[in-house]
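Some notes on the structure that comes next.
Values in this text are rule-based calculations from the coordinates and carry no lab data. Just so you know, these numbers come straight off a predicted model, no measurement behind them. All Cβ positions, glycine included, derive from the backbone under ideal geometry; neighbour counts span all protein chains shown.
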Amino acid sequence: MERYNIDTVLHFAAQSHVDLSFGNSYGFTHTNVYGTHVLLESAKKVGIGRFIHVSTDEVYGEVKEDDDDLLETSILAPTNPYAASKAAAEMLVQSYQKSFKLPVIIVRSNNVYGPHQYPEKIIPKFTCLLNRQRPLVLHGDGTPTRRYLYAGDAADAFDTILHKGQIGQIYNVGSQDEVSNLELCGMLLDRMRIPHDTPEQLRKWIKYTRDRPFNDRRYAVDGTKLKRLGWEQKVSIDEGLKITVDWFTQFGETWWGDISHVLTPFPTVSDGEMVPDDARSMRDEPLESQDIRQGKLPEQHKKDDMSGGCRETQQNGEDTSGLHQNNGGGYQITA
């Protein structure tokens, strides 16, 4: 920082994939907590002018459908190792503001998507799968919802906070576009003109597998505070998906080289152990919610699993043995 006379830090760097945090939580702590600590210490030494820490709406935990959107003053209640590591990083950031007067701002955003996003995330991943004429695999019953924000709107939000945000404050970046994972599949199938009107067509393109050990049903943040600074969401999810799908259709297979290893389903957890998902654990219909959370399979799959267990398998000729590694892709978006 001193060599290049850096006076402002926007700290985006993180391991950010929730599924992977269940199997490699130490790595998330090392990157997201210790990595933030290292950066804070460097910023303190050079006397940085502004340190903007990018967090996530997941630090608030699950928000029930009939609850109000959460304000920046709401209690943090993370429910997975990724969200917990981001909440812990926030505590360090706030401590440096209190103890060393470091000029910090914290930003908590909804899910961001757009061109150039690394295809471990749901929208680019599912788009790339459909480009390959392969089905989409949903955890659980597909009903959990998320709010999605187009990358261009996210960039505008960070620019607004950089120039107008007050030191020591926290800002939610909230989208109004809330859709379930199952609804998102339908939107992508529509966008790519893939027929899915009949049950038979739908079963061809959408499969189900075990749920996460705990899957927050929804997140919901109140972005009024940021709107008072002049920011507003401009790109709807319909418009944003059109831009994103068009980009991935054109460049998705060439931008990063071979992406086959991130297009296979991520491992799930059963009885405390990581289990690679493969064709044997996929179904045309979702399991009952309780069975999904407990990692139970229907009888026809149990027989297959007794011999397979957690062994490394191959699916469609692609090696899935390195699923949990995932190249450290993280959260790579340029807007």
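Brief remarks on what is shown
- For the stretch 42-177, the fraction of alpha-carbon pairs in successive 10 Å shells from zero, as %: 10, 34, 34, 16, 5, 0
- Cross-link reach is defined here as a Cα-Cα straight distance under 20 Å, omitting same-chain residues fewer than 8 places apart; for residue 45 the lysines meeting it are 98, 101.
- Compactness of the stretch 42-113 is given as radius of gyration and Dmax, 13.8, 47 Å, from Cα positions.
- Under the Karplus curve 6.51 cos²θ - 1.76 cosθ + 1.60, θ = phi - 60°, whole-Hz ³J(HN,Hα) for the stretch 239-251, x wherever Gly or Pro sits: 5, x, 5, 4, 4, 5, 4, 4, 5, 5, 5, 7, 10
- Electrostatic bookkeeping for residue 223 treats Lys and Arg as +1 and Asp and Glu as -1; over the other residues with beta carbon under 12 Å from its beta carbon, the sum is -1.
- Ordering 105, 47, 124 by the projection of their Cα atoms onto the charge dipole of the stretch 10-131, which places +1 on the Cβ of Lys and Arg and -1 on the Cβ of Asp and Glu, puts 47 at the extreme positive end.
- Using alpha carbons only: equivalent-ellipsoid semi-axes of the stretch 69-149, gyration tensor based, whole Å: 34, 15, 11
- Sparse-neighbourhood loop sites, GluC sites (Glu not before Pro) in the stretch 140-240 - DSSP loop, at most 12 other Cβ within 10 angstrom: 232
- Set of lysines with alpha-carbon distance to residue 121 below 21 Å, sequence-local pairs under 8 removed: 86, 207, 242
- Trypsin sites (Lys or Arg not before Pro) within the stretch 132-163: DSSP coil, no more than 15 neighbouring Cβ in 10 Å: 132
- Close amide H pairs (under 5 Å, H built 1.01 Å from N) link residue 169 with 106, residues at least 5 positions away or on another chain.
- Here is the list for the stretch 30-84: GluC sites (Glu not before Pro) lying in DSSP coil, each with at most 10 other C-beta atoms within 10 angstrom of its C-beta, are 65.
- Ellipsoid equivalent to the stretch 219-265 - semi-axes via the Cα gyration tensor, in Å: 32, 15, 10
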